[in-house]
Structure formats: C-alpha cells, structure tokens
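A quick write-up on the structure given underneath.
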Ligand code: BGC
C-alpha cells in the first residue's frame, strides 16, 4: 500500500515536473522568437482578419489581399475559414512569411460543427454536465479535424432578459448552474489538453456582463453595481478559467460607462491580475473600433491605445492595431512591453498547440473526412436533444403517445421545417438534408400511423385568414401534434425582440385546433423563453423543444412516444408578459414582499400582472412522479470552518422509470448587504426505477454560504440559514434551518 502511495506521489511529481519543464521550454522558445521579431511583426500577431467568404459582423471594406497580408506577417489569426482546403491555403501563406509563425484559425463552433447539437440554452435545460461536456467534445473533434484550432465558445453570459436574442447561446440566468456548465463546456472543447489534434482552444465570452444589456437590446449599455457583477455575472467566467480556458473574448457593451474592450478593470485588474489568467484576450468583432461610436475615443489611434493598455491582446477585425499600434509605440504613447506581453501570450498558445512543430497539424483532409458525422456522435446529438427537452404540461397523462395510434394530425408551420431546427449559430457545414424534421421523427417512431399534415399558417402571418384546413385535419385524427414557434432569425446576435409571444397568429391556430376537442400536444420551438398564456392554460400537453439540431425530429419523437422520459428543467424563468421582465428567481425581497396577488400594499410588481412567472426556473415535468420526504440535517449549528449535510429520500412514486433533478436552494435569512430569497447551491440528477427510493445528500460548507460585501470581499455572516429542497425553484418540498456561528 505504502509503495503504491509512493509510486503515485512520484508519478504526480514527475507529471508536474514535466509540465513545468515543458512550460519552461515554451517560455524560452517564445522569448527567442520574440527577440527576432520586428515591431511590425509583433503587431501582426495581434491582428485577426475575417476570412474571405463568411462574415459574422459588419464587413471591413479596406481589406486588400488577405493572403498577401498573411505572407507579409501582418496577421496572427483568421476567423471564419473552415475546412482543411481553405485553412491550408492560409497556413501555406503564413509559412511564406519571414518568421513562418503559424496562424490560429478561429470559428464560432457554438453547438456542433458538422453535426449540430442543441442550442446551448437548450442543453442547459438538461442540467447534465457529462452530456454537455460530450457535446462540446464532439464539436471540438469535428472542428479540429477541419483545420480549426480555436472556438469562440462557450458564451457564459448570465441572462435574465428573454428579449435578448443571445439568450440562446448561453446557459440561462443562474450563476451556479452557469458556472458548472461553463466548466463542462471548456473541458469538452479542450479535451485532454492543447496539443492534441482533437482539442480546440476555448474562448470564454463575452467579458463581461454582456448579457445584462439594458432592455435586452443587443450591444446595449450595462449599468450594475460591482457587487452584482461579482456575485452574479463573473462566477461562470471564473469557473471557465479554473477549467483551463485558453482564451477570453471581451464584449461590445459598456459596463458602467466604460466599454468592456477598453476596461482595464475587467481585463487587467480582474482577469490577468486577481485571477492570474495566462492566456490571451481577443476583442469582439470590431469592438476596439466601436469604442469610437460609443464616444469613448475619437479615432482608431486612440482606440488602439486604450484597448492595448486595457489588456485586449488581439484585435478582431477593427484594424486599429495593425494601422496604429507601431506608431503608438514609436510616438511613446504605448510601451513596447505591453505589445510584447500580448504577443507572448498568443505565441505561447501557438507553441502549446504544437503549431510550430507542425503548422498543418489540424489540416489533414483524410482525418477531416473520417471524423465528420460519425454514427456514435449523431447518436450523442440525439441523446443531448432529448435531454434538453422540457415537458411543461401533461394533463391526464396525454403523453407519452402510443406507437399504435392510427392517425396523427401534424399541424403548424414548423412540422416540416428542416433548416430552422439547427438554431442560430450553427455552422451549416453539413447539408440541411441531414436534419431530421418533426414529421420524419414521428414517422420513424410510429411507422404504422397515418400522418395528416396541415401547415395552418406561416410563422409570421399576422392575419388568421383561414384555419379551416387545419381544423378539418385535426378532426380526422386520434391525436394532434402542433409544431409552432419562432424562426431561426428570431434569436441570436442582434435579434432581440420587444414582443416574445409566439409569433404571428400561431396561438390563434392553437386555439382553433384545441377547440376541436381533440387531444392536442403543442411543441414550442424557440431560442428563448416565449410568452404563451392561453396555450399554457388551455392546451392539454406542452413540450418546450427549443432548437435541438440535426437530430431534432428523432429527439422530439423519443419524448413524444416515451422512448425517453423527459427530465429537462428550465434554466431561465418564463414570464407571463414582457412587462414582467426582468424576472428571475433569485431576487431580493422588498420591505413589502408579495403575499398574494391581491393585497394592495404588499405587491412587489404590477397591478395588471401577477407576481409569479408562467414557469419558474428549475421547473420541468416527467412522465413519472417523485416524492421528497424524511429530511434530516447532520448539525443544527456550524462554525464557518465546518460543514454539515442535509439528506432526504427521493422516491419515484409513478409507474415509469425516470430522472428528477433535485435542487438545493439556500437563503441567508438576515444579512448585510441583502441576500436573495433563494439561491441554487447544488442539485442532483437522479434516475429511479418505479417505486425506487434513494437517499440524497448535499453538503453545505463555507463556499455555499459566502457572498460579496460592498468591498467585494467574500464573507459569511453568522445567523440563520434556510435550506430548501425541491423539484423547481417554486416547488420547495422540504425545508430545514441551521445556525452559522462565528
Ligand atoms: C460575436 C462574437 C463572435 C464574433 C465572431 C461577434 O459579432 O459577438 O460572439 O464570436 O462575432 O464571429
């Protein structure tokens, strides 16, 4: 035993030493190269160009020949170049530059590369870290085989406003869940580490607080206390960093009057200072140049000065660095040491990835061909899809449907849709024919059933001309499935909405079909929480499917026909109206907290809207039911250096095997400054056979009780804490209190 321990210690030491030695040699190589570089070549490394054909932002006009610029050593990285053929062309140009410094190829591989996985917000609803890590792993493996070595993901922006179009790209509203997901995604993208040919660098974005844009309008100002920033918005970034994220991207928004791109507080003080980040920061698309319209600087010369001083290492698409940085150094406005630091950070990553040993390492057409669309990865996408689905309502156990049904009516504009099912930020590498539609998915599961189809209306129709065909079709069927929702252009970047109801007249179509008295299952597809009060009240079954990617039809049908028992839980609060926004579960109590909806002076929201959301954070049903009983706590008082455990029985009280996500919320009853009415602090996703009971235990320690004071110190305060355990933030089943002593 002792020998094993010694051997283990020895091998750990050996590993640490080797890693250290490697870092040392890389550092030496970086220094040697840096010493050979001219100032212009250094600035070239800080410059990132968009590729030739696809643009994910306003196209820069003055470009000239990009390959020539690469040959002249004026470019350190290119984005939006996919596939080994194209990346090779650019890398070959880099190999013709004086110092032959390889390029980095960046791409928004957000939820899959060739195989499209569910949009990130949907995946967040799975609360399943290994599954999300696998999803990112598959994306990385495919992307890395196509010449890409850097993904601009994960987006870890906390978002409390469903009007914001980019909610689809993140993990929702909660810092705890968001932090776990951030870590899982980084691990998935970076796999066993940079240097492996199936690993891409992660880029955590958008640093910081981009998701808190006022009014949910993209790119908008953010105004928040530093305490809120630290408490709610920064934790997922820190978690991503702790998981080893190689790079960060800054953000378009200003934070309290300073554009994030020009913020030394964010990039130098927090990220590179307090957190000790050793990787590099890339700007967002032209975010350095956009400090001009912000009104923060007067021209690109000043923009470059502010950005490099603030810690933005690489300039995506603004040309501010390439056109001004050398002059800024010569003019004595920017010390060359700042440029050197940025170059060092970028070169280090290039060395760590092994690009100097083999610049074509990721560029292998055979591997590219062999890696795409592997059956096991398609299966993983299907599994991720069904894990992401949230069952919102299931009256009289209408679902799951029988596979023996004779006639199914499929109604709605998304029934046969293919491309939209991928959701925004998909790469479109793979032909859309490989996407499984809802109709195909249903047919695959119930091949004997006759599927009657009626479109009913278009997504954006504003006038309900005629639902006759849809109604007649519904009447002929045993059951009706409706596929309705948004289109692919309604979420994503620059796609915020003031009205987040189900678009057009689709809810009228639902009303007309429900009026037939037939059993109706509504599938709601969107990249955000939508508002659908009538449907919530009157449709017998509602399944929130989001956008699930290539396998969407199969994933949805797996749930509809009970091949898979849904277990998804909402990662964001669903409001009843836009007027309730922002609405989130972890709010602070007022001095007159709402008791009900009718007590005049104890109302904390509106006289024309209830206090509660339509669906709460953490909510989601299963085909089975669960009970929470027998709570016990190991101690009723602890010191802050101690921990306690809280345990309870979780039982499957239904007839089907299924998973529940048991959630632990904590409230610090009296604190200064105030603490939220509840905060998610732990959860367990548990599979239970019918009748089975498992005892679940959560551990509570200082990490779960501490919070930021106004001086941004993490503190705990003695006093009473309430532990709340349940199946959603508004379905607390068990409670216990304990005292924290000093
Ligand atoms: C987005 C980033 C993205 C970049 C490159 C920007 O418009 O905000 O998230 O990575 O474009 O496509």
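Please treat every number below as a calculation from the coordinates, not as lab data. The structure displayed is predicted, hence computed values, not measured ones. Backbone-built Cβ (ideal geometry, glycine too); neighbour counts: all protein chains shown.
The table that follows gives values for the structure above.
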read-out	value
Test: residue in the range 126-138 that is within 16 Å of the ligand (Cβ to nearest atom) and over 8 Å from the mean Cα position of the chain (by Cα)	yes
Unmet criterion (only one of (1) assigned to a loop (DSSP other than H, G, I, E, B); (2) within 12 Å of the ligand (Cβ to nearest atom); (3) surrounded by 20 or more Cβ atoms within 10 Å (Cβ to Cβ)) for residue 245	(2)
Residue match in the range 356-368 (condition: crowded, with 23+ Cβ neighbours inside 10 Å and assigned to a helix (DSSP H, G or I))	no
Residue identified as within 26 Å of residue 612 (Cβ to Cβ) and touching a residue at least 24 places away in the same chain (Cβ under 8 Å) among 479, 531	531
Subset of the range 698-722 [closer than 15 Å to residue 632 by Cα and within 28 Å of the chain's Cα centre (by Cα)]	698, 699, 700
Criterion (part of a loop (DSSP other than H, G, I, E, B) and within 13 Å of the ligand (Cβ to nearest atom)) met by exactly one of 58, 102	58
Any chance residue 350 is in a helix (DSSP H, G or I), in contact with a strand residue (DSSP E or B) (Cβ under 8 Å, 6 or more places away or on another chain) and away from the ligand (no atom under 16 Å from the Cβ)	yes
Yes/no for residue 176 being within 16 Å of the ligand (Cβ to nearest atom) and either within 24 Å of residue 491 (Cα to Cα) or in contact with a strand residue (DSSP E or B) (Cβ under 7 Å, 6 or more places away or on another chain) (or both)	no
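Residue-by-condition table, conditions (1) in contact (Cβ under 8 Å) with a residue 12 or more places away in the chain; (2) in contact with a strand residue (DSSP E or B) (Cβ under 9 Å, 6 or more places away or on another chain); (3) within 16 Å of the ligand (Cβ to nearest atom):
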{"residue": "97", "(1), (2), (3)": "yes, no, no"}
{"residue": "110", "(1), (2), (3)": "yes, yes, yes"}
{"residue": "150", "(1), (2), (3)": "yes, yes, yes"}
{"residue": "154", "(1), (2), (3)": "yes, yes, yes"}
{"residue": "163", "(1), (2), (3)": "yes, no, no"}
{"residue": "167", "(1), (2), (3)": "yes, no, yes"}
{"residue": "171", "(1), (2), (3)": "yes, yes, yes"}
{"residue": "186", "(1), (2), (3)": "yes, yes, yes"}
{"residue": "200", "(1), (2), (3)": "yes, yes, yes"}
